[in-house]
Amino acid sequence: MEPMLNRWFFLCLPLLFTACASQPMHLESVRVYNKSTEDFTRISEYFTGEENAHGYRLVLRTNPDQRAGVYFAASFSDDLSSLPDGSIAILDILFEDQDDIRSYSFPLPEDRSGKRVLYLGLTGQNEPKNPKQIMAWKMRIIDASKQTMIEKESYLWRMPKE
């Protein structure tokens, strides 16, 4: 009886791996950080004069020349290179002192292999004076045809409007 179970196990094993591998990419978590310029400075920058873009993070900013700001760090279930070319990250934010939702677009670069965490930074004139003024947010990844592929929002974003 035991050899029969072993055969079934080895016959079903590839199906199990196929089922696990075919799971769609999703956004696992989003955390909000207040970061300084020094938080992004690596030792290699002192030798090259350029920001270190290696590693698992893809950092995009509203003002690429300014690093200090509020960052939304989104962890994904898979490598960002599995997203189609032309993908755009959209960050919608509701601030405490405003009635309108502010929307920020971040086109994803073509070279994003090995990146699993996306840092979207509100920097320069887009940096909130007080990060605690962010009441609610929604992050989306859309494709070139503007179809939403991945989406996650804060708890307050989902609350019913009264």
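The values are calculated or read from the model by the stated rules, or taken from the named source; none is laboratory data. Because the structure is a prediction, the values reported are computed rather than measured. Counting neighbours? That spans all protein chains shown, and the Cβs are built from the backbone with ideal geometry, glycine included. For the accessible areas, the whole protein counts, side chains as well, though only heavy atoms, and no ligand, DNA or RNA atoms are used. Shrake-Rupley method; radii C 1.70, N 1.55, O 1.52, S 1.80 Å.
A few remarks follow.
- Matching residues in segment 151-160 - criterion: being over 10 Å from Leu27 (Cβ atoms) and open to solvent by 70 Å² or more (accessible area, probe 1.4 Å): Tyr155, Leu156, Arg158, Met159, Pro160
- Residues that are surrounded by 17 or more Cβ atoms within 10 Å (Cβ to Cβ) and not small (Gly, Ala, Ser) number at least 3 in the following strands (runs of 3 or more DSSP E) confined to segment 80-150: 88-95, 117-123, 134-142.
- Residues that are farther than 26 Å from His26 by Cα and open to solvent by 50 Å² or more (accessible area, probe 1.4 Å) within segment 65-79 comprise Asp65, Gln66, listed in sequence order.
- Residue match in segment 117-130 (condition: within 19 Å of Arg61 (Cα to Cα), touching a Leu at 6+ places or on another chain (Cβ under 6 Å) and touching a residue at least 24 places away in the same chain (Cβ under 8 Å)): yes
- The residues in segment 24-58 that are open to solvent by less than 60 Å² (accessible area, probe 1.4 Å) and touching a helix residue (DSSP H, G or I) at 6+ places or on another chain (Cβ under 7 Å) can be counted, and the count is 3.
- Within segment 41-62, residues that are over 29 Å from Ser103 (Cα atoms) reach partners that are of a type in the set (S, T, N, Q) with beta carbons closer than 8 Å, at six or more positions or on different chains, in the pairs Arg42/Asn52; Ser44/Asn52; Glu45/Asn52.
- All of Tyr46, Tyr71 fail the test of being assigned to a strand (DSSP E or B) and aromatic (Phe, Trp, Tyr), apart from Tyr71.
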